[in-house]
Amino acid sequence: KLPIVILISGRGSNMLAIAERAANGELPVEVRAVISDKADAAGLAAAAAMNIPTRSLSAREFPDRPTYDVALAALVQSFEPELVVLAGFMRILSPGFIATFADRILNIHPSLLPLYRGLHTHRRALEAGDVLHGCSVHFVTEELDGGPLVIQSQVKVLPGDSESTLSARVQQQEHRIYSQAIDWFARGRLKLREQRAWLDDRPLEAPVIQ
Ligand code: GAR
């Protein structure tokens with residue numbers, strides 16, 4: 001089983017979807033730890049209830065981002081993961097952190113990247129009048145929300161959708177496509193090489209739509 005560490009900041013529904021699939025044998029991974037930058041993240045308690053080791057590391061105790069990220073990288077590394085899974089981890093990671101885990105950090109983002117990098121993606125899609133929205137899994141590189149795309153799910157925007165109804169439908173898809181991407185990685189089918197995502201030894205010209 002592939003050892004992974006999951007980083008969260010909040011509710012942790014993606015983390016739980018992954019941990020539950022790992023626990024019931026659907027995903028060939030071992031969740032070594034769940035780590036949060038927020039001590040009160042609801043996801044930490046949920047992970048602990050599943051007997052997964054949890055840690056929190058608050059940025060307030062550190063003078064700047066690079067110093068925090070050195071400590072965070074050391075904490076993550078202490079669990080010896082082969083994949084670092086960002087699941088609603090709401091901090092930008094510095095180049096030093098990314099270099100420590102080069103080629104083995106995945107992120108989920110609630111938009112059809114390259115549309116809507118950053119925050120408030122559902123609101124921005126609604127305000128733009130988009131008929132199609134969704135979510136993306138990508139490898140993490142130094143470019144914020146800009147690393148090579150792996151898989152996307154498209155979600156229709158319905159008349160009368162609010163941020164909360166739309167985000168709820170997108171989140172269901174997040175849980176599905178993140179598990180798929182992690183499954184591919186764990187089975188050695190998905191790699192980051194030469195700054196591109198490769199699936200089954202072929203470079204992805206575009207993300208898999210699923
Ligand atoms: C998810 O929707 C994820 O896509 C988003 O945060 C949410 C976390 O939910 N991530 C980002 O916006 C990253 N910039 P969760 O804690 O229930 O998994």
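Could you give each residue of the stretch 73-81 its phi-based ³J(HN,Hα) in whole Hz, using Karplus coefficients 6.51, -1.76, 1.60 with θ = phi - 60°, and x for Gly or Pro?
4, 5, 5, 4, 4, 4, 9, 6, x
Which order do the peptides 5-11, 181-187, 26-32, 95-101 take when ranked by the mean count of other beta-carbon atoms within 10 Å per residue, highest first?
5-11, 181-187, 26-32, 95-101
Run the numbers on the chain and let me know its relative contact order in percent, using alpha-carbon pairs under 8 Å that are six or more apart.
Across the chain, relative contact order equals 19 percent.
So how many Å³ per residue does the convex hull of the Cα atoms of the chain work out to?
Convex hull of Cα atoms, per residue: 118 Å³.
Give the Rg/Rh ratio for the stretch 127-210, taking Rg as the radius of gyration of the Cα atoms and Rh as the Kirkwood radius, to two decimals.
Computed over Cα atoms, the ratio is 1.03.
Using the Cα centre as the reference, give the magnitude of the dipole from point charges on the C-beta atoms of the stretch 22-63 (Lys, Arg: +1; Asp, Glu: -1; all else neutral), rounded to the nearest 20 debye.
Result for the stretch 22-63 is approximately 100 debye, rounded to the nearest 20.
Quick one: which residues, 5+ away or cross-chain, put their amide H under 5 Å from the amide H of SER9? H built at 1.01 Å from N.
Residues meeting the criterion, in which the H sits 1.01 Å from N, are PHE89, MET90.
Tell me which of LEU158, ALA41, LEU7 sits at the most positive position along the dipole axis of the chain, charges placed on C-beta atoms (Lys, Arg +1; Asp, Glu -1).
Highest projection toward the positive end goes to LEU158.
Output needed for the stretch 16-97: three equivalent-ellipsoid semi-axes, defined as square roots of 5 times the C-alpha gyration tensor eigenvalues, in descending order, whole Å.
24, 14, 10
Given the rule -39500 (n - 2.57) for each run of at least 4 DSSP H residues, summed and divided by the residues of the chain, what is its mean residue ellipticity at 222 nm, to the nearest 500 deg cm²/dmol?
Result for the chain, helices only: -10000 deg cm²/dmol.
Starting from 0.36 nm per residue, how many nanometres of slack lie between SER78 and VAL131 once their C-alpha separation is accounted for?
That works out to 14.6 nm of additional length.
In nm, to one decimal, how far is the ILE92 label point from the GLU142 one, both placed 7 Å along Cα→Cβ?
So the label points at ILE92 and GLU142 sit 1.3 nm apart.
Using amide H atoms built 1.01 Å from N in the peptide plane, name the residues 5+ places from LEU83, or on other chains, whose amide H lies under 5 Å from its own.
Amide H neighbours of LEU83: VAL5.
Tell me the accessible surface of ARG91 in square angstrom (1.4 angstrom probe, heavy atoms of protein chains only), to the nearest ten.
The accessible area of ARG91 comes to roughly 60 Å².
In Å, the Kirkwood hydrodynamic radius of the stretch 106-147 over pairs of distinct alpha carbons?
This gives a value of 10.5 Å.
Residue-wise, which Karplus ³J(HN,Hα) couplings in Hz belong to the stretch 183-193, taking 6.51 cos²θ - 1.76 cosθ + 1.60, θ = phi - 60°, and x for glycine or proline?
4, 4, 5, 5, 8, x, 8, 10, 9, 9, 8
In whole Hz, with x marking every Gly and Pro, tabulate ³J(HN,Hα) for the stretch 101-107 from phi via Karplus 6.51 cos²θ - 1.76 cosθ + 1.60, θ = phi - 60°.
Residue by residue, the stretch 101-107 yields 10, 3, 6, 9, 10, 10, 9 Hz.
The values are calculated or read from the model by the stated rules, or taken from the named source; none is laboratory data. Bear in mind the structure is a predicted one, so any value in this text is a computation, not a measurement. Cβ: placed from backbone, ideal geometry, glycine included. Neighbour counts: every protein chain shown. These accessible areas exclude ligands, DNA and RNA; they are computed on the full protein's heavy atoms, side chains included. Shrake-Rupley method; radii C 1.70, N 1.55, O 1.52, S 1.80 Å.
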